[in-house]
Amino acid sequence: MRRRKNNMYHLKVTFSTASRVLRQLSHDHRTVALIFIVPCLLLALLRWMFTDTIGTFNHFAPALLGVFPFVIMFIITSITTLRERVGGTMERLMTTPLGKLDFILGYMIAFGLMAVIQALLASTLLLYVFNLDVAGPHWFLILVALADALLGTALGLFVSAFAKSEFQAVQFMPAFVLPQFLIGGLFMPLDKMPGLLETIAYFLPLTYVIDALTAVVGNTDVTGDMWRDFWVVLAFMIGAILLGALTLRRKTK
Amino acid sequence: MNQQELVGKDVRVTKGRDVILNDLTFTIQPGKITGLIGPSGSGKTTLMRAIVGVQELSGGKLAIDGQSVGSKKLRHHVGYVTQSPAIYGDLTVWQNLRYFATIAGATKAQITEVMDTVRLSDKKKQLVESLSGGQKARVSLAIALLGDPNVLIMDEPTVGLDPILRQELWQLFGELAERGKIVLVSSHVMDEAERCEKLLLMREGKLLWTDTKESLLESTNTTTVEDAFIKTIHEAEKK
């Protein structure tokens, strides 16, 4: 009985954290607009660029659907969490009964919702406005795009624990995300890279996103490998959430 | 056994080579306002952060009612007012209070009550970032009062406030203490020390005095806390 009451408390606090974060966002229309519009604009730019070479667009666009939302959610989440740290509200929260996982999950739900809307907009645009030539089922492409945006959110939450200022947090984007983007298999197939680099690529989540999104374009069915990619992305996301909660410190030195 | 005492024993905090808190030993009882008085940079905030459980100790022990500070159980009973208001600027006053009320397990009626207490009821729907510094401080104080905590740790809660409101708040602190709560208020303003029954005088990470105000004035043969503080410092330096 007591245990159940306890669980209810954490559930309540998690959701009220999520709604608090969403309420904060609702006072900042510009940020919300940027979250939704920027990835779409980038994809549009890409489409325009490859007007005369649509085959190249078909090659790059699915992978970039994995990169743009990922990057944007990563930056936004890490900066917002950091703001909470710098502003002192995080410290205040750490003196209350709020659980560390409540905090992380609350953020995850709020920004996850943003990520889902963003990924839906971007993939709809790609599939039905730019008519991307996809052999496989559209729902799988959308599913991976969703998982990918959520992964960016979770990683952003996790790494913000290591930043002491906004400047540092912004640097994490080129430091953590760009290498994944470069060696993730978009520019060069993994098996053509030096052995060590190929091995490293297999430890990075974006590799699996890019693999799944490229595969759905070329395969009529969802293969076992594609499902493996999807589960790996999901596992990375859950891992980042748990690590985010674990690395949150109540006490500082 | 004394109920609900806050006991510090050889509390030590170091940052690199600097000693921020130098083996502090003290007891804070409920029932009376205890003032933590000292110039800025003396270690007041670090001591308060240690008491609310967010500052790691390099040595010593801090416990409330026999429980180590920062424990899960204690976190239900501690209200902390930080020096610069720790509140969400991009939410309204009411939204701020409602969020922290959920965490503290406080009801809507209590939110209304604490808003009345700090006289912010008319600012309910205003965005916090549009408030003045003093109003923000009051929002932060109101949040700490949610859930009726047994231990109130307040870091300079009345700085920059209107004198009438300051008077009212000190009266409120007195009432809260009388209801059996531990009330610790820090200040670098000596005239605020006059309002405290018990004093912890702090300078350069050390406690110079940990007893009642009366006994401080008596033992230094002075009439104001300011004079007593100066005399105590001189005597400590002679030794």
Residue with peak Gaussian network fluctuation, chain B [Cα springs, cutoff 10 Å], from B:Pro39, B:Pro30, B:Pro157: B:Pro39
Rounded to a whole number, the mean other protein chain Cβ count within 10 angstrom for residues of A:97-109 is 1
Using a 10 Å cut-off around each Cβ, can you sort B:Lys32, A:Lys12 from fewest to most neighbouring Cβ atoms? A:Lys12, B:Lys32
Amide H proximity to B:Val81 below 5 Å, modelled H, separation 5+ or other chain, gives B:Ile153, B:Met154, B:Asp155
The stretch A:1-110: relative contact order in percent, alpha carbon pairs under 8 Å with at least 6 residues between: 56 percent
Cα-based Rg and Dmax for the stretch A:2-247, in Å, come out at 18.7, 66
Whole-Å distance, taken between Cα centres, linking the stretch B:1-66 and the stretch A:149-208: 43 Å
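Ranking B:Thr46, A:Thr252 by Cβ neighbours within 10 Å, fewest first, what do you get?
Ordered by Cβ neighbours within 10 Å, fewest first: A:Thr252, B:Thr46.
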What is the magnitude of the charge dipole of the protein assembly as shown about its Cα centre, with +1 placed on the Cβ of each Lys and Arg, -1 on the Cβ of each Asp and Glu, and no other charges, expressed in debye to the nearest 20? 940 debye
Scalar couplings 3J(HN,Hα) for the stretch B:24-31 by Karplus 6.51 cos²θ - 1.76 cosθ + 1.60 (θ = phi - 60°), nearest whole Hz, x for Gly and Pro, are 8, 10, 6, 10, 10, 9, x, x
Residue by residue through the stretch B:118-134, what is 3J(HN,Hα) from phi via Karplus (6.51 cos²θ - 1.76 cosθ + 1.60, θ = phi - 60°)? Round to whole Hz and write x for glycine and proline. 9, 6, 10, 4, 7, 9, 2, 9, 7, 5, 4, 5, 8, 7, 6, x, x
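At a Förster radius of 41 Å, what calculated FRET efficiency corresponds to the Cβ-Cβ distance of A:Leu246 and A:Arg30, to the nearest 0.05?
Plugging the Cβ-Cβ distance into 1/(1 + (r/R0)^6) gives 0.75.
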Can you give the local net charge around B:Ile64? Use residues other than it whose beta-carbon is closer than 14 angstrom to its beta-carbon, Lys and Arg +1, Asp and Glu -1. +4
In a shell of Cβ-Cβ distance under 14 Å around B:Lys44, excluding B:Lys44 itself, what net charge do Lys and Arg (+1) and Asp and Glu (-1) give? -1
Please list the three semi-axes, largest first and in whole Å, of the ellipsoid equivalent to chain B, using sqrt of 5 times the eigenvalues of its alpha carbon gyration tensor. 30, 20, 17
Per residue of B:80-87, what is the mean number of Cβ atoms on other protein chains within 10 angstrom of that residue's Cβ? 4
If contacts are Cα pairs under 8 angstrom and at least 6 residues apart, what is the relative contact order of chain B in percent? 26 percent
Ranked packing of A:241-247, A:145-151, most packed first, by mean Cβ within 10 Å: A:145-151, A:241-247
Please work out, to two decimal places, the log10 of the ratio I(q)/I(0) at q = 0.10, 0.13 Å⁻¹ from a Debye calculation in which every Cα of the protein assembly as shown carries one identical scatterer. -0.82, -1.14
What's the lysine pair count for chain A at a Cα cut-off below 20 Å, pairs eight or more apart or interchain? 7
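What is chain A's relative contact order, in percent, from Cα pairs under 8 angstrom and six or more apart in sequence? Numbers along the way, then the final one.
Details: 313 pairs, mean separation 68.8, N = 253.
Computed over chain A, the figure is 27 percent.
Quick note: the coordinates plus some simple rules give every number you see, no bench work behind them. Please read these numbers as outputs of a predicted model, since none were measured by experiment. Quick reminder, even Gly has a Cβ in these numbers, built from the backbone with ideal geometry, and neighbours come from all protein chains shown.
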